[in-house]
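The values are calculated or read from the model by the stated rules, or taken from the named source; none is laboratory data. All of these numbers come straight from a predicted model, not from anything done at the bench. Every residue, glycine among them, receives a Cβ derived from its backbone with ideal geometry; neighbour counts consider all protein chains shown.
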Amino acid sequence: MASTAVNAVFNPPTSTGSSSSSASADNGMGKDTFLKLLMAQMSNQNPMDPTDDKEMLAQLAQFSTLEQMTSMASSQQQSAAATQMSQAVNLIGRTVTYLDSDGNTQTGAVDQVSMANGAPALSIGGKDGISTSQITQVR
C-alpha cells in the first residue's frame, strides 16, 4: 500500500494536452513533493512495524536541508535583483547608446530607473521601458 502512494508522488498522472506544467519544467523534488512523500509514508506504515527513529530523523534532516537551500536560493535572487537595480541607478545622468525595439541605434541620457517585471527599466531621453540588456555603450 505504501508503494502505491510513493508511485503516485513520483509518477503523477500526465496530461494529454499540449501545454506544459511548471512541475515538469523544474524536474526536481521540491519541498511540497517531499512533504507529500513523508505524509504518504507515515499514513501508510504498518502499526506493528513503525518507521525506525533513525530513519525518521534522517528524513527530517533532509527536509531541513531542503528548506535551508530554498531559503538561500531566495536570498540569492533578492541580492541579484538589488545588484541589478544598483547598477542601473548608477547610469542616471550618463549618456548611453542602446538598440531600440526596431534594432536601430539610439543615444540619450538616462533620466530615471524603475522596476518592471522584477528587472530595472530605464527612461532614456523621455522614452520609458528600456532594458539594461539593450544598452551597447555607456559614456
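Of note:
- Selection from the stretch 60-92 of residues that are over 22 Å from Leu35 (Cβ atoms) and touching a residue at least 24 places away in the same chain (Cβ under 8 Å): Ala81, Gln84, Met85, Gln87, Ala88, Val89, Leu91
- Only one entry in Thr105, Thr65, Thr136, Thr132 is exposed (fewer than 14 other Cβ atoms within 10 Å of the Cβ), under 23 Å from the mean Cα position of the chain (by Cα) and among the β-branched types (Val, Ile, Thr), namely Thr65.
- Gln41 surrounded by 11 or more Cβ atoms within 10 Å (Cβ to Cβ) and either acidic (Asp, Glu) or part of a helix (DSSP H, G or I) (or both): yes
- Boolean, Gln87 is surrounded by 12 or more Cβ atoms within 10 Å (Cβ to Cβ), assigned to a helix (DSSP H, G or I) and modelled with pLDDT of 90 or more: yes
Residue-wise test of (1) at negative phi; (2) within 19 Å of the chain's Cα centre (by Cα); (3) at pLDDT 95 or above.
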site	(1), (2), (3)
Leu60	yes, no, no
Ser79	yes, yes, no
Ala82	yes, yes, no
Val96	yes, no, yes
Asp100	yes, no, no
